[in-house]
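For reference, the structure is listed below as structure tokens.
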Amino acid sequence: MLEIENLSKTFGHTKALTEVSLKVERGEMVALIGASGSGKSTLLKHVSGLVAGDKCSGPIEVNGRRVQAKGQIAKDIRKTRTDIGVVFQQFNLVGRLSVATNVLLGALGRTPLWRSTLMGFNQADRSLASEALLKVGILDKYHQRASTLSGGQQQRAAIARALVQRASIILADEPIASLDPESSILVMELLRKLNKEEGLTVVVSLHQVDYAMKYCPRAVALGFGKVLYDGPSEDLTVDRMKTIYGSGAAEMFDVNKIAPKVKPLMAEPKSQAESLKEQFFHA
């Protein structure tokens, strides 16, 4: 579904990504983890074709279609983007428009220009929007202004927009960073449900190891713009995290920020993620 080969990106004198290679199979749910500035968001922007890599970079392909190569965005990128649903940290909804209209914006890629200018979506897309809102649990907000929704509801509307887009891969860039614990759980549960029941490929960047271990079978750890680990999330032991991030690992097991979320997240008796957190802070 996704293949990245030797992607590098330089901003001025700063190397944001260095020869990053990554393959994601169809139907996988993969967590991109790392501290702030590790390159997670930059990587996702390249996959969606919003930013071009350095000229020395290899190709990026999504679902067999070229996104970019050697610092050049593919000429048919608009067609390729219809297959890539992007969920942003700040939701990217138009607050004054209704929830339904925001969700219908996902259909713009296949809507004729004259009709999209007039917001003239057809009945099939309107039915698809209703179905998507039902799947994410906010169909009752159909006619409501997007600005009146809670953060968690706005993020679910953003996911519904990706469903209307008919995307086969969802790139979720820190989708729970701005949410409260309860909303964070709902959004991650929704992404997992879409992955398992709809077969969508999901790549989600996360700051918290706890959520990666709970929801994503595979984790890719980034640090200083490089892939430092790629393997099962359950193998992210305390020692491995310390090896990867050194003292920066504490940021990803922050007691004040993560502990309140872990309790409702882990209903089972002392999970591995919970034990990891305890080991880290009592080691």
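The values are calculated or read from the model by the stated rules, or taken from the named source; none is laboratory data. No experiment lies behind these values; they were computed from the predicted model shown. All Cβ positions, even for glycine, are placed from backbone atoms using ideal geometry, and neighbour counts span all protein chains on display.
Some values worked out for this structure:
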read-out	value
Answer residue from segment 43-62, given it is buried (at least 23 other Cβ atoms within 10 Å of the Cβ) and in contact (Cβ under 8 Å) with a residue 60 or more places away in the chain and is farthest from the chain's Cα centre (by Cα) among those	V62
Residues within segment 17-67 that are touching a Pro at 6+ places or on another chain (Cβ under 7 Å) and farther than 16 Å from D230 by Cα, tallied	1
G106, sole failed condition from (1) modelled with pLDDT under 90; (2) over 21 Å from E197 (Cα atoms)	(2)
For Q89: the one exception among (1) within 18 Å of the chain's Cα centre (by Cα); (2) surrounded by 18 or more Cβ atoms within 10 Å (Cβ to Cβ)	(2)
Residue tally, condition surrounded by fewer than 21 Cβ atoms within 10 Å (Cβ to Cβ) and either over 20 Å from the mean Cα position of the chain (by Cα) or more than 16 Å from F88 (Cα to Cα) (or both), over segment 142-154	7
Members of segment 4-33 that are of a type outside the set (S, T, Y), surrounded by fewer than 17 Cβ atoms within 10 Å (Cβ to Cβ) and either over 19 Å from the mean Cα position of the chain (by Cα) or not in a loop (DSSP other than H, G, I, E, B) (or both)	E5, N6, F11, G12, H13, K15, E19, K23
Cross-chain or 6+ apart pairs with Cβ under 7 Å, segment 214-230 first and within 25 Å of L186 (Cα to Cα), then part of a loop (DSSP other than H, G, I, E, B)	R218/E28; A219/L236; A221/G34
Residues being crowded, with 24+ Cβ neighbours inside 10 Å, in contact with a Lys or Arg (Cβ under 9 Å, 6 or more places away or on another chain) and part of a strand (DSSP E or B) - total across segment 155-170	0
